[in-house]
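**Q** First the structure, which I've put down as structure tokens, then a few questions once you've had a look.
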Amino acid sequence: LLVSKDLGKHLLEVEDLLQKHGLLEADISAQTERVQALNAAALKFSELEGYQPCDPQIICNRVNHVQTCLEELGEMAAKRRKELEDSRQLWAFFQEMEEAEAWIREKEQILAAKTCGRDLSSVLTLTTKHKSMLGELGSRRALLHQTMKRGEQILAKKRFSPSGIQEKIREVRLRWKKLEEVTGLHQQRLQEALNFFQFSAETDDLVAWLQDTYRIVSSDDFGHDDYSTQALLRKHRAVVEEVEKHRAAVVALRKQLALLAPEHRQGVDVQIRVVEVEQLYGEVAEVAVLRQQWLQDALAVYRMFSEVHACEVWVDEKEQWLERMEVPEELDEVEVVQHRFESLDQEMNSVMGRILDVNQVVQQLVEGGHPSSEEVRACQDHLNSRWNRVVELVEHKKGQLSSVLKIQNYLLEC
């Protein structure tokens, strides 16, 4: 048993041989105690005085021979154990390498069957799984490095044929390198897909925002009075600011598209999508400018109507006063009325300035092609005609006062 050359052909067989060898070692250990006891007893016979049944030298030689055989048996058992343990180390190395190869094949099949996702959600899920696989790959790399190191240690002992160990290390190392390349390539493809779907999602969000904004800026609600139009104008200015802020995002689309992988950026759909976003942004910006101008025009109209109303209230009041006023014949009463007309002249100068401003606003609106040009022009004509009527009444009353004043002065002189 101890001189057997059978060191096992796989790990389980070596483990079985080691177990049997352990039993043999236990048996040798037990027999060693018996042999040593017998040797001790035999040596006592060599020390007897007087009658000696056997030559003491023969006894000593026999004891030494048995002791030598026992020691040789122990050495052979130790040598056999060392050989079996070395064999176990060798076959453990091969088994670990085969397990590593099996794991590599499994991951190769998984990577070969993996897609890069159909949308952002699936790509994110695959990316998370791939990160877990990268962690597992790192752990396996450390284990494989330790296994190969043990293989190199076995080679250094030069106990077994180096060809099988070297070939196995070379094969596994090549397969591992290929796996890392495939893993890196898949990670790159996942990142490219992630970039593309993120780009698509951001583009879709931008399109949705532009469509909502277009509905806002293309509204036909311009208010119904000065206050409501001012409120709409304030809101519109805030929208215009947001449109301007999104300009950078629209301009950046081309740069982002250029950074995508060729298979993604060269797609007709994505290029058309970018053009659509640029065109939609241009339309939104253009309509926003027009709406701001229309709101300003509407505000100008409502303010003009408000000013016209204020002027007409003043005209109504003065017109009624002038029509009811009777020119007095007494000198002191005439002087009082004359002072009133002096105050009226100052008021008329102020109102005339306001009416001129109204006429200027009307002219701008008409020349700008405002939709309410006819209504505005009619309002202007009505105000101007009433103003002219008041001016005529004032001149007429002044003429009457002047005549009365001349008569009274003439009478005084006489």
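The values are calculated or read from the model by the stated rules, or taken from the named source; none is laboratory data. Since the model is a prediction, treat every value here as computed from it, not as a measurement. All Cβ positions, glycine included, derive from the backbone under ideal geometry; neighbour counts span all protein chains shown.
**Q** Among the residues of the stretch 93-145, which ones are surrounded by fewer than 14 Cβ atoms within 10 Å (Cβ to Cβ) and in a loop (DSSP other than H, G, I, E, B)?
**A** Within the stretch 93-145, Thr115, Arg118, Asp119 meet the criteria.
**Q** Being among the polar types (S, T, N, Q), out of contact with any strand residue (DSSP E or B) (no Cβ under 6 Å at 6 or more places or on another chain), under 30 Å from Asp205 (Cα atoms) and free of Cβ contacts under 8 Å to residues at least 40 places away in the same chain, is that true of even one residue in the stretch 96-116?
**A** Checked against the condition, which is being among the polar types (S, T, N, Q), out of contact with any strand residue (DSSP E or B) (no Cβ under 6 Å at 6 or more places or on another chain), under 30 Å from Asp205 (Cα atoms) and free of Cβ contacts under 8 Å to residues at least 40 places away in the same chain, the stretch 96-116 yields at least one hit.
**Q** With the condition kept exactly as written, say whether any residue in the stretch 306-320 is assigned by TED's automatic domain parsing to the domain that holds Arg377, at pLDDT 85 or above and over 28 Å from Asp225 (Cα atoms).
**A** Yes, the stretch 306-320 contains a residue that is assigned by TED's automatic domain parsing to the domain that holds Arg377, at pLDDT 85 or above and over 28 Å from Asp225 (Cα atoms).
**Q** Can I ask one more? Considering only residues that are loosely packed, with under 13 Cβ neighbours inside 10 Å and within 28 Å of His236 (Cβ to Cβ), which ones fall in the stretch 254-277?
**A** Across the stretch 254-277, the qualifying residue is only Val275.
**Q** Exactly one condition in (1) over 26 Å from the mean Cα position of the chain (by Cα); (2) part of a helix (DSSP H, G or I); (3) of a type in the set (Gly, Ala, Ser) is not met by Gly223; state its number.
**A** (2)
**Q** Please determine, by comparing only the residues of the stretch 1-28 that are at pLDDT 70 or above and either outside the structural domain of Ala77 (by TED's automatic domain parsing) or not in a helix (DSSP H, G or I) (or both), which one is farthest from the chain's Cα centre (by Cα). Spell out the reasoning first.
**A** Our first condition is that a residue be at pLDDT 70 or above; within the stretch 1-28, this holds for 9-20, 22-28.
Narrowing the set further to residues that are either outside the structural domain of Ala77 (by TED's automatic domain parsing) or not in a helix (DSSP H, G or I) (or both) leaves 9-10.
Working: Lys9: 57, His10: 54 Å.
My answer is Lys9.
**Q** Name the residue that is farthest from Lys406 (Cα to Cα), counting only residues in the stretch 362-382 that are surrounded by 15 or more Cβ atoms within 10 Å (Cβ to Cβ) and modelled with pLDDT under 85.
**A** Checked the stretch 362-382; the qualifying residue farthest from Lys406 (Cα to Cα) is His370.
**Q** (1) surrounded by fewer than 17 Cβ atoms within 10 Å (Cβ to Cβ); (2) modelled with pLDDT under 90: which one isn't true of Asp205, the others all being true?
**A** Condition not satisfied by Asp205: (2).
**Q** Got a sec? Which helices (runs of 4 or more DSSP H) wholly within the stretch 238-329 have at least 1 residues that are farther than 22 Å from Thr213 by Cβ and among the β-branched types (Val, Ile, Thr)?
**A** Details: elements: 247-259, 262-265, 268-324.
Output list reads 268-324.
**Q** Of the residues Arg324, Arg291, Arg265, Arg237, only one is under 26 Å from the mean Cα position of the chain (by Cα) and either free of Cβ contacts under 8 Å to residues at least 24 places away in the same chain or not assigned by TED's automatic domain parsing to the domain that holds Asn384 (or both); which?
**A** Numbers: Arg324 fails: under 26 Å from the mean Cα position of the chain (by Cα); Arg291 fails: under 26 Å from the mean Cα position of the chain (by Cα); Arg237 fails: under 26 Å from the mean Cα position of the chain (by Cα).
Matching residue, one of Arg324, Arg291, Arg265, Arg237: Arg265.
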